[in-house]
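Quick notes on the structure that follows.
The values are calculated or read from the model by the stated rules, or taken from the named source; none is laboratory data. Quick caveat, the model's predicted, so the values are computed rather than measured. Cβ: placed from backbone, ideal geometry, glycine included. Neighbour counts: every protein chain shown.
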Amino acid sequence: MKIGIISFAHMHAAGYASALMQIEGVELVGIADPVAERGQKYAAQFGTSYFQSYEDLLAQGLDGVVVTSENAYHKEHVLAAAKAGVHVLCEKPLSTNVKDAQAMIEACRAHGVLLQTAFPVRFNSSVRRAKQLVDEGKLGRILAMKGTNRGRNPGGWFVEPSLSGGGAVIDHTVHVADIMRWMTGAEVKEVYAEVDHLIAETPIDDCGMLSLEFDNGVFATLDCSWSRNKTYPVWGDVTLEIIGSAGTLTLNAINQKLNVYRDEQGYSHHFWGDDMDLALVRDFVSSIASGASEASVTGEDGLQALAVAVAAYRSDERKDTVSMTDVLA
Amino acid sequence: MLHVLVIGAGTMGSVHAEAYKNMPGVKLVGIADLQADKAALLAAHCECRAFTSYDQALGQLGSEHIDVIDICLPTPLHKSYVLRAADDGKDVICEKPLAGSLADARLMIDYCKQKGVRLFVGQVLRFFPEYQNAKALLDRGAIGSPAVIRAARGGSYPVGWNDWYSDTSASGGVIVDALIHDFDYLRWCFGEVERVFAKSLHGRVQAQLDYALVTLRFQSGVIAHIEGTWAHEGFFMQLEMAGTSGVIDYDSSKDTPLIMRDRGQRPGSRAGVPVPESPLEPSPYARELAHFVSCIQDGSEPLVTAEDAWEALRISLAALESARTGRPVTLNDAARSTSG
Ligand SMILES: NC(=O)c1ccc[n+]([C@@H]2O[C@H](COP(=O)([O-])OP(=O)(O)OC[C@H]3O[C@@H](n4cnc5c(N)ncnc54)[C@H](O)[C@@H]3O)[C@@H](O)[C@H]2O)c1
């Protein structure tokens, strides 16, 4: 199976590339990147070809492509892949706005290619186990949820809204919003958010606190702030507290760790759990191989999660709740 | 020597009585509870007299032999007993929340002023050393300028006399009864609140469960998230302050020096329940009460005033309103403290 990668702008590209190398029967055909230095470096590192233009890469008879460009370029790259008949795994957030995301979904459908949104957290073993417990009814009915996906400010293009679409809110809302939708099987109905720029020197939203109302009466909050400082022992977190009628569940997806204390670096966490990027890429590859008609995590999933982030920005502007129907219209 | 009468021998009455028992400069003269056996048991332990009502205590002890009334009654009873104590010319220490409504709380504050008695409210979180130290670090600039704050508090559904906690109109549920601690503490740290948004289980489920998630936006810009739960097992409280250059966090269930686990082999013992403790001499409650006593003795202002308690109640009630309406509630400065 022939897979390519468009752009190493997003640091997750390296994780996906090394995942691809580990999967039997998969050939990493090439890396396209407009930044020649970056593209050549990673092409050399992963022993594959470098392409200046993504059109040339897409002309190599690919089965699938991973799109890890800046958020603002997702649309262009996904549309080109769809046109070339190549299945797509697109980095989250699916796009910078609802319209483009809808166009991407439409194009992939029209050309009969899979569009999978890269939500690796769905493939985290602890998250999967939590989903299983929920599905078995161990918590009874889900009543409320409290999630966090904090991190460090990544800098670079992430803090340039013309490329990223926004800061912490668009970057970090989507993972856990997606997990909450998945756990409950319900859609977000209404969003309230306090959003601000309180930490970084660059003016970008780096603090966000969302409140969500689901269409089945469940409520939740989600902290998506880039509030982890330099010496925090880990890059961030992915947590979810679920309050059920029969019990509660406390999930900390990256809490499979060693505590490491080093004279030079201080205290840090060393993660030893399963590689969720590998599981994600494996899933994408197997969907292609089996000729699946839909990806396991769809473009629609990516759109819904993105719409929550968009609603959060709008809510903060209005200082009021925002209905998801308005955002998705 | 200050003579203190404690009204209510429940959970808090016991904590307060125990604290007075060993407090220099204080004589615990009596405990009144309408459950005679409960009052008697606690009074015996604290070596003071037991009564079945406030009136009986005043009658038998002689009003002139009482200086302070400490009210540890269910919240809906706070008002009438604060007013009675003020009528009797006694300084008052009252458990939080001061009252169930802002109008009642205002009336109680004004009434005590009129009668020339002092009113202290048990917003005890300001006396917990972990919370005091977090504030001290914050004030020293340890995390730079504060940005996103997370606090949490809760455990299992509280059990009280006559099941009064489960009547939300009486207790205010987890938002008023429990989160008022965090609201007061956060206001102490970050100043006035601009906007409140909240969601809670109240009105959504029939079961004896309460759970609330509240977002506060401070005038300073700080964003705070507060979780209150009566849907978990075992008490815990958490605090995290993230700023421009650092993070402080605390979790009472993890940062605890002592955990007892019973194997359940002795008669009457329960197996498997870890019982964490954080021994402090004196306890935060005793520190709070000793502070109030010293304020009465020297006429000084307390670390937490009745006005602070009113403000904390205001935030709690705004959160309740937001949870009910589904909309954010803006607190306006004009209503602050003066009007009733
Ligand atoms: N500061 C804190 O951390 C904290 C913790 C728990 C409770 N509280 C507050 O303390 C107050 C009391 O709560 P609690 O948990 O101790 O309640 P509780 O139900 O355990 O005790 C109340 C007691 O009052 C007695 N009582 C009722 N009516 C009476 C009357 N008219 N005269 C005399 N006694 C009467 C009852 O018999 C009972 O023993 C509440 O306002 C609560 O919100 C504060």
So, first residue over 9 Å from residue A:144 (Cα atoms) and within 7 Å of chain B (Cβ to nearest Cβ) in the stretch A:209-220, second residue surrounded by 21 or more Cβ atoms within 10 Å (Cβ to Cβ) and among the acidic types (Asp, Glu), Cβ within less than 8 Å, six or more apart or across chains; the pairs are A:209/A:194; A:209/A:223
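Can you tell which of B:240, B:227 is within 19 Å of the chain's Cα centre (by Cα), at pLDDT 95 or above and charged (D, E, K, R)? Break it down into steps so the answer makes sense when it comes.
Values: B:240 fails: within 19 Å of the chain's Cα centre (by Cα).
Result: B:227 is the single residue among B:240, B:227 that is within 19 Å of the chain's Cα centre (by Cα), at pLDDT 95 or above and charged (D, E, K, R).
Wholly within the stretch B:227-330, which strands (runs of 3 or more DSSP E) include no fewer than the required count, namely at least 3 residues that are among the aliphatic types (A, V, I, L, M) and away from every other protein chain (no Cβ under 14 Å)?
Working: elements: B:236-243, B:247-251, B:258-261, B:274-277.
Qualifying strands (runs of 3 or more DSSP E): B:258-261.
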Every listed condition ((1) more than 16 Å from the ligand (Cβ to nearest atom); (2) of a type in the set (S, T, N, Q); (3) in contact with a Ser or Thr (Cβ under 8 Å, 6 or more places away or on another chain)) holds for residue B:63 save (3)
Just a yes or no: is a residue in the stretch B:133-142 in contact (Cβ under 8 Å) with a residue 60 or more places away in the chain, at negative phi and either in a strand (DSSP E or B) or within 13 Å of the ligand (Cβ to nearest atom) (or both)? no
In the stretch B:41-59, anything acidic (Asp, Glu) and away from the ligand (no atom under 14 Å from the Cβ) is listed as B:47
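Condition first: away from the ligand (no atom under 12 Å from the Cβ) and farther than 20 Å from residue B:295 by Cα. Now tell me which residues in the stretch B:67-84 satisfy that.
Step one: list which residues in the stretch B:67-84 are away from the ligand (no atom under 12 Å from the Cβ), which gives B:67-68, B:83.
Matches in the stretch B:67-84: B:83 only.
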All conditions in (1) under 22 Å from the mean Cα position of the chain (by Cα); (2) more than 10 Å from chain A (Cβ to nearest Cβ); (3) of a type in the set (A, V, I, L, M); (4) not in a helix (DSSP H, G or I) are true of residue B:213 except (2)
*asked:* For the stretch A:147-162, check the following and say yes or no: at least one residue is of a type in the set (A, V, I, L, M) and surrounded by fewer than 24 Cβ atoms within 10 Å (Cβ to Cβ).
replied: yes
Log entry, pairs with first residue in the stretch B:151-165 being farther than 28 Å from residue B:35 by Cα, second being modelled with pLDDT of 95 or more and within 10 Å of the ligand (Cβ to nearest atom), beta carbons closer than 8 Å, six or more apart or on different chains, reads B:153/B:178; B:153/B:181
Discussion item. On the basis of being surrounded by fewer than 16 Cβ atoms within 10 Å (Cβ to Cβ) and within 16 Å of the ligand (Cβ to nearest atom), does residue B:174 make the cut?
Written reply: no
Q. Yes or no: residue B:167 surrounded by fewer than 23 Cβ atoms within 10 Å (Cβ to Cβ), among the charged types (D, E, K, R), within 22 Å of residue B:213 (Cα to Cα) and out of contact with any helix residue (DSSP H, G or I) (no Cβ under 6 Å at 6 or more places or on another chain)?
A. yes
Considering every residue within the stretch B:1-11, establish whether at least one is farther than 27 Å from residue B:116 by Cα and surrounded by fewer than 21 Cβ atoms within 10 Å (Cβ to Cβ). yes
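Residues checked against (1) among the aliphatic types (A, V, I, L, M); (2) over 23 Å from the mean Cα position of the chain (by Cα); (3) assigned by TED's automatic domain parsing to the domain that holds residue A:170; (4) surrounded by 17 or more Cβ atoms within 10 Å (Cβ to Cβ):
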{"position": "A:34", "(1), (2), (3), (4)": "no, no, no, no"}
{"position": "A:45", "(1), (2), (3), (4)": "no, yes, no, no"}
{"position": "A:72", "(1), (2), (3), (4)": "yes, no, no, yes"}
{"position": "A:78", "(1), (2), (3), (4)": "yes, no, no, yes"}
{"position": "A:86", "(1), (2), (3), (4)": "yes, no, no, yes"}
{"position": "A:90", "(1), (2), (3), (4)": "no, no, no, yes"}
{"position": "A:95", "(1), (2), (3), (4)": "no, no, no, yes"}
{"position": "A:99", "(1), (2), (3), (4)": "no, no, no, no"}
Filtering the stretch A:221-251 for residues that are in a strand (DSSP E or B) and without any contact (Cβ under 8 Å) to a residue 60 or more places away in the chain leaves a count of 1
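A quick yes/no check of all residues on (1) within 15 Å of the ligand (Cβ to nearest atom); (2) more than 30 Å from residue B:314 (Cβ to Cβ); (3) within 14 Å of another protein chain (Cβ to nearest Cβ); (4) touching a Gly at 6+ places or on another chain (Cβ under 8 Å):
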| site | (1), (2), (3), (4) |
| --- | --- |
| B:21 | no, yes, no, no |
| B:86 | no, no, no, no |
| B:93 | yes, no, no, yes |
| B:108 | yes, no, no, no |
Here the residues within the stretch A:315-327 that are surrounded by fewer than 16 Cβ atoms within 10 Å (Cβ to Cβ) and in a helix (DSSP H, G or I) are A:317, A:318, A:325, A:326
Would you be able to say whether some residue in the stretch A:129-146 is within 25 Å of residue A:89 (Cβ to Cβ) and outside any helix (DSSP H, G or I)? no
Test residue A:202 against the criterion of being free of Cβ contacts under 8 Å to residues at least 40 places away in the same chain, polar (S, T, N, Q) and either in contact with a Ser or Thr (Cβ under 6 Å, 6 or more places away or on another chain) or within 25 Å of residue B:244 (Cβ to Cβ) (or both), and give yes or no. no
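Which residue, of A:94, A:62, is assigned to a loop (DSSP other than H, G, I, E, B), touching a strand residue (DSSP E or B) at 6+ places or on another chain (Cβ under 6 Å), of a type in the set (A, V, I, L, M, F, W, C) and under 30 Å from residue A:153 (Cβ atoms)?
A:94
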Per the filter on the stretch A:179-195, residues at the interface with chain B (Cβ under 8 Å from one of its Cβ atoms) and out of contact with any helix residue (DSSP H, G or I) (no Cβ under 8 Å at 6 or more places or on another chain) are none
Over the stretch B:1-15, the set of residues more than 9 Å from the ligand (Cβ to nearest atom) and either of a type outside the set (A, V, I, L, M) or over 15 Å from residue B:285 (Cα atoms) (or both) is B:1, B:2, B:3, B:4, B:5
ask   = Quick check: is even one residue across the stretch A:298-309 of a type in the set (Ser, Thr, Tyr), surrounded by fewer than 19 Cβ atoms within 10 Å (Cβ to Cβ), assigned to a strand (DSSP E or B) and in contact (Cβ under 8 Å) with a residue 60 or more places away in the chain?
value = yes
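Just checking, which of A:159, A:88 is under 20 Å from residue A:207 (Cβ atoms) and hydrophobic (A, V, I, L, M, F, W, C)?
A:159
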The helices (runs of 4 or more DSSP H) lying wholly within the stretch B:162-208 that contain at least 3 residues that are among the small types (Gly, Ala, Ser) are B:168-171
When the stretch B:23-40 is checked residue by residue, the ones that are away from the ligand (no atom under 12 Å from the Cβ) and not small (Gly, Ala, Ser) are B:23, B:24, B:26, B:27, B:28, B:29
> Does residue A:264 fit the bill of being at pLDDT below 95 and not in a helix (DSSP H, G or I)?
Replying inline: yes
- Message: Here is a check on your reading of the model: is residue B:207 in contact (Cβ under 8 Å) with a residue 24 or more places away in the chain and facing chain A (nearest Cβ under 9 Å)?
- Response: no
